[in-house]
Amino acid sequence: MSAAAVAHPLSLSLNGVDNVGKTAQLSWLARAINGAHHVGSVDKWHRRWADLAGDSFAQWWFQDSSTAEHTALMFTSHVARREASGPLALEDRGLPMILAACAATSAIKDGLTPHGALDEVTRITRDLPQPASRHEVHLLLRRHSDPVQEAAMSLKRETQSVDDRYRAYQEALAQVLAIQVEQGAYDMVIDQRDAPILDVQRGIRARIADLGVAVESLPDPQLDRLWVLGGMSESGKSTVGELLRDEHGVARLKIGYLLEVAALRAGQSDPYAWSEAEQAGRLTEEILRFAAATKARSVSLESAHRFEQTASLRKTWGSRCQVVYVDATPEARADRATESRAELRERDAIKTSRGAGRILDVADHVLDNSGPLSTLKLALDSMVHSMHATRVTPPSWRPSSDDEWLQKAAHMLTDDAVALVMATGSTGTRHWVEGWSDVDLLVVRDELSVEWLGQATARLARPGFKVALSAFTVTDLTTHRVPPRVVHSLRGARTGAGVLYRRADYAIPLPTHRQDDAASRGELGLVLMNTRRLLAVDDLDLRALYKHLVLVGRILLRADGIDARTPPQVFEALTDTHPRLRCAPPALDDIVTNSRDAAVHAQLAHAAENLLRYVDSIGRTAS
């Protein structure tokens, strides 16, 4: 039922300690229920409140008024609010909360226990004119069931310093609310903890929909990330938005445009007449609609230069919202501007008045865009990959081949700056073939010097074996500056496979399957070129050619979502998944034992040519 079709008048209230989000949640809810009457808080419903406003308000509340006078004003204001309410009223603090506020105040003023104060104000209200009878539903929002913790979390969110009296009031209020919960005064208790506004709103709407109220549901797209881009004029916000779109697949949206759309939808002539908190709510609703319609997984929002709006977006989305401040020196910004320096200063002054500079203090990321474009691109890569990386601390692993030498090698490579040592490829597995397979080791270090690398390579020398050492910095792994084979090896590290040493404080960044697949396909052109080069010489390098065939096969299979580890598994899976492919190379044992057999050479070359032709055919589109 909509508000207009409510069979019996209904009052729905949101309650809780200060800073729990009642006002924000009611504002969202009022937009979601057709015809709902947002009656607000009781201080809008009695003229006495206007007389008390100002510096004397706290003194009257806590000192000058008696408990009977204070309770009577609160209660009669609620009665007036109730008499003017529409069929479905949304109350900011309902009757139980009014009693709780009066009781907490009494506990401070009169030295009563929370129980005693609640009994006293309840007794006082019995002798006062009662509100019109109607169905009431009271929701309590709280972050913690322990009143001590609840009060502490409320006070932590205060933007200004508070005195001991207000602190004691919040502590008493949390205790009274806990007593009321035990007494069943609230129909629903929503333990929101630190959940963002958006998630709490979904929960509230689900609860009241169960009551039969027709509340508009929020779109629930699988949006992983909202990048909010702020910064002063000519800092490079648009460039960052373009790079996020072009290089990272992020949908690019503008705050001004979305607010204009929201205003048209609401019949509002000026969207900036809304409070900045409401602007954030309206922006969020438009983002949700866009993401639901386009299936976007990541969205950037520019340009943020209103502090409260930006702060509200963070509260609304939680950690899914990442605020990025694009910084640049005044000289760099002036050089980029097409206007005069005076005009640039004027634009800066407008943004500063809106709090644009303060966004720097709350930004999750700060990008310095004073230098060349390459530095911005690399910093942006680092930011995006660091946010998407899942880190793991895998279980221990023991090599199933060459265990003794690998453990010794890991010991030789390890010092305080080494974060990770891994055996990659077939190294250390039962698929490693002596005389055929290389020994491949990966080292990740805080810093890498040529001197250290040279010494490490010399220590690993092993007669009769080719030992390949791949070394990267911790930053390289965090920012994904590694070749596809390393990406794939890191994928295996989630089970501990290949991990010979991991420093206790280091968690391994785990690439996703999507990243593994994209990195592999990104290297496909190079692999195909090298495969053709190997086929072009008279004396075939069987070992290299066979490995390239396996590599091409793995790239195709990863794109199919198949992870085939051994060469036989690769070619078997290719046959099943790609029936048009005629790729039947000699068995690995035949290549190893009959490396000079002309028939083996011919069979391997034929398999390689078929694979190249097949890849070329599937890379075409109909014209």
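Miscellaneous remarks
- Within the stretch 518-535, being in contact (Cβ under 8 Å) with a residue 24 or more places away in the chain and under 22 Å from Gly561 (Cβ atoms) holds for Ala519, Ser520, Arg521, Gly522, Glu523, Leu524, Val527, Leu528.
- Of residues in the stretch 352-393 being touching a residue at least 60 places away in the same chain (Cβ under 8 Å) and of a type in the set (D, E, K, R), the one nearest to Ser312 (Cα to Cα): Asp381
- Criterion: modelled with pLDDT of 95 or more and either out of contact with any Cys (no Cβ under 6 Å at 6 or more places or on another chain) or of a type in the set (Lys, Arg) (or both) - qualifying residue of His46, His8, His37: His37
To keep it simple, each residue is scored yes or no on (1) in a loop (DSSP other than H, G, I, E, B); (2) at pLDDT 90 or above; (3) assigned by TED's automatic domain parsing to the domain that holds Arg430; (4) buried (at least 20 other Cβ atoms within 10 Å of the Cβ).
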residue	(1), (2), (3), (4)
Asp538	yes, no, no, no
Leu545	no, yes, no, yes
Arg558	no, yes, no, yes
Gly561	yes, yes, no, no
Ala602	no, yes, no, no
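- The condition of being assigned to a helix (DSSP H, G or I), at pLDDT 95 or above and under 23 Å from Ser77 (Cβ atoms) holds for only one of Ala172, Ala151, that being Ala172.
- Test: residue in the stretch 416-432 that is in a loop (DSSP other than H, G, I, E, B), of a type in the set (A, V, I, L, M, F, W, C) and either outside the structural domain of Ala493 (by TED's automatic domain parsing) or in contact (Cβ under 8 Å) with a residue 40 or more places away in the chain (or both): no
- Scan the stretch 218-267 for residues that are over 22 Å from the mean Cα position of the chain (by Cα), farther than 30 Å from Arg341 by Cβ and in a loop (DSSP other than H, G, I, E, B) and the total you get is 1.
- Only a single criterion out of (1) of a type in the set (Gly, Ala, Ser); (2) surrounded by 14 or more Cβ atoms within 10 Å (Cβ to Cβ); (3) under 16 Å from Thr414 (Cα atoms) is not satisfied by Ser449, namely (2).
- Some residue of the stretch 192-199 being under 13 Å from Val17 (Cβ atoms) and modelled with pLDDT under 95: yes
- The sole residue among Pro579, Pro568, Pro585 that is without any contact (Cβ under 8 Å) to a residue 40 or more places away in the chain, in the same structural domain as Asn610 (by TED's automatic domain parsing), assigned to a helix (DSSP H, G or I) and not charged (D, E, K, R) is Pro568.
- Count of the stretch 287-302 residues which are crowded, with 18+ Cβ neighbours inside 10 Å and over 17 Å from the mean Cα position of the chain (by Cα): 2
- Unmet requirement for Pro509, which otherwise passes all of (1) closer than 17 Å to Gly553 by Cα; (2) in contact with a helix residue (DSSP H, G or I) (Cβ under 7 Å, 6 or more places away or on another chain): (1)
- Filter pass, Asp597 being within 23 Å of Gly428 (Cβ to Cβ), free of Cβ contacts under 8 Å to residues at least 60 places away in the same chain and surrounded by fewer than 18 Cβ atoms within 10 Å (Cβ to Cβ): no
Okay, residues lined up against (1) touching a strand residue (DSSP E or B) at 6+ places or on another chain (Cβ under 6 Å); (2) crowded, with 18+ Cβ neighbours inside 10 Å; (3) assigned by TED's automatic domain parsing to the domain that holds Thr478; (4) within 30 Å of Asp476 (Cβ to Cβ):
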| residue | (1), (2), (3), (4) |
| --- | --- |
| Glu308 | no, no, no, no |
| Ala328 | no, yes, no, yes |
| Ala332 | no, no, no, yes |
| Ala349 | no, no, no, no |
| Lys377 | no, no, no, yes |
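Residue-wise test of (1) more than 29 Å from Trp28 (Cβ to Cβ); (2) in contact with a Phe, Trp or Tyr (Cβ under 7 Å, 6 or more places away or on another chain); (3) part of a helix (DSSP H, G or I).
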{"position": "Ala50", "(1), (2), (3)": "no, no, yes"}
{"position": "Phe62", "(1), (2), (3)": "yes, no, yes"}
{"position": "Glu69", "(1), (2), (3)": "yes, no, yes"}
{"position": "Phe75", "(1), (2), (3)": "no, no, yes"}
{"position": "Arg81", "(1), (2), (3)": "no, yes, yes"}
{"position": "Ala101", "(1), (2), (3)": "no, no, yes"}
{"position": "Ile124", "(1), (2), (3)": "yes, no, yes"}
{"position": "Leu128", "(1), (2), (3)": "yes, yes, no"}
{"position": "Ser145", "(1), (2), (3)": "no, no, no"}
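- Restricting the first member to the stretch 72-87 and to residues that are in contact (Cβ under 8 Å) with a residue 60 or more places away in the chain and over 17 Å from Leu99 (Cβ atoms), and the second to residues that are part of a helix (DSSP H, G or I) and of a type in the set (A, V, I, L, M), the beta-carbon pairs closer than 9 Å and six or more apart or on different chains are Gly86/Ala3; Gly86/Ala4; Pro87/Ala3; Pro87/Ala4; Pro87/Ala5.
- Which listed residue, of Asn15, Asn19, Asn34, is polar (S, T, N, Q) and farther than 24 Å from Ser154 by Cβ: Asn34
- Within the stretch 470-527, considering residues that are over 24 Å from the mean Cα position of the chain (by Cα), among the hydrophobic types (A, V, I, L, M, F, W, C) and in a helix (DSSP H, G or I), the one surrounded by the most Cβ atoms within 10 Å (Cβ to Cβ): Val486
The values are calculated or read from the model by the stated rules, or taken from the named source; none is laboratory data. Please read all numbers here as calculations on a predicted model, not as lab measurements. Note: ideal-geometry Cβ built from the backbone for every residue, glycine included; neighbour counts use all protein chains shown.
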